[in-house]
Amino acid sequence: MQDIKKDIKSMTLSELKEDMESIGEKSFRAGQIYEWMHVKLVRGFDEMTNISKGLKEKCKERYDFTNLKEVRMQESKIDGTKKFLFELADGNMVESVWMKYKHGNSVCISSQVGCRMGCAFCASTLDGLERSLLPSEMLDQIYSIVLLTGEKVSNVVVMGTGEPMDNYDNVLRFIRLITNEDGLHISQRNITVSTCGIVPEMRKLAGEKLQITLALSLHATTDEKRRRLMPIANRYGLDELIEACAYYFKETGRRITFEYSLVGGVNDTEEDARELVGLIRSLNCHVNLIPVNPIKERDFVSSTHEKVVAFKNKLEKNGINVTIRREMGRDIDGACGQLRRKAIASKDANNGCHQ
């Protein structure tokens with residue numbers, strides 16, 4: 001029986017050096033291969049011009065080389081945001097978004113195929129969790145976008161489909177690879193990882209002492225309201241969550257970002273703003289207000305512009321740093337999971353035609 005191939009793009013440089021030596025190669029070969037994959041972003045061993053034919057053949061037999069296949073790209077006519085749908089080796093699909101800002105280009109990547117968290121206003125979770133992504137599959141969303149756009153990426157947001165803390169080990173390895181000085185070397189401070197609030201993993205992440213930003217999807221100011229929007233709130237209450245945020249800041253010195261999706265008539269009242277102030281006032285934090293992106297499967301609507309501004313003003317008057325997130329790509333299925341669901345539906349419809 002053939003051994004399972006190793007996932008070469010998910011290996012650290014030191015792991016690859018050891019592996020090269022174990023197959024009778026000099027350890028410097030690992031550095032060459034690593035650079036081809038993570039700096040020059042080649043799509044396979046055949047493109048590695050300073051590697052012998054013999055070693056290329058050895059590598060093909062021993063390793064899987066992750067390459068995502070572009071299925072679809074949508075470009076916003078409003079702001080140039082590009083949304084990509086990629087196919088994985090097993091036929092599953094993930095979405096990634098490229099956004100151009102004055103301070104540099106950002107890529108928002110997915111960490112899972114689907115999601116099991118069940119948040120009420122999110123399209124990603126409607127079909128449940130298919131599987132978690134490997135570090136290489138997270139990396140290659142960025143690498144593919146760099147190659148397809150011809151643009152550098154300076155900021156990475158792990159905030160697409162999936163719950164990063166539900167894929168903790170792979171996400172952590174991804175962070176170490178993307179920030180490694182021998183690879184793309186994106187600064188840890190330019191990485192943001194979101195979570196809906198899995199408390200044990202938040203505390204574990206704090207212990208890694210990374211300089212990344214942790215963004216917590218809060219979306220409500222009472223346990224009762226949060227439970228209606230986010231099933232995870234049945235496991236971890238707000239007190240526990242806020243304690244974990246304070247612990248993260250204590251361990252890392254990095255302020256927490258609170259993501260707060262404003263849903264019309266649900267969590268956008270003056271009372272909600274007042275409760276939010278009381279909840280987070282003691283923390284070193286920043287609030288991102290997000291007018292919710294409507295999805296056809298749910299009956300949630302965005303808050304009015306006036307309500308959003310009033311909410312922001314209330315927080316600012318109480319000394320809380322707050323921004324209204326610029327809506328990017330609203331005309332191109334901007335919300336997480338929408339493009340993938342369309343593709344799955346159309347695939348199913350096409351399959352149905354041929355039965």
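For this structure, a couple of remarks:
- Between 0 and 90°, nearest 10: helix 168-178 axis offset from the chain longest Cα axis: 70 degrees
- Set of lysines with alpha-carbon distance to residue 100 below 26 Å, sequence-local pairs under 8 removed: 40, 69, 77, 82, 83, 152, 312, 342
- Distance from the alpha carbon centroid of the stretch 236-253 to that of the stretch 116-144 works out to 25 angstrom.
- Computed helical MRE - 222 nm, the chain, DSSP H runs ≥ 4 contributing -39500 (n - 2.57), nearest 500: -11000 deg cm²/dmol
- Sites matching trypsin sites (Lys or Arg not before Pro) across the stretch 197-279 that sit in DSSP coil, with at most 16 neighbouring C-beta atoms within 10 Å: 209, 235, 255
- Cα principal axis extents for the chain, largest first, Å: 69, 55, 41
- For residue 130, distant residues with modelled amide H under 5 Å away: 113, 114, 115
Read-outs: derived from the displayed coordinates by stated rules, not from any lab. If you're wondering where the values come from, they're calculated on a predicted model, not measured in any experiment. In this analysis, Cβ positions are derived from the backbone assuming ideal geometry, glycine residues included, and neighbour counts consider all displayed protein chains.
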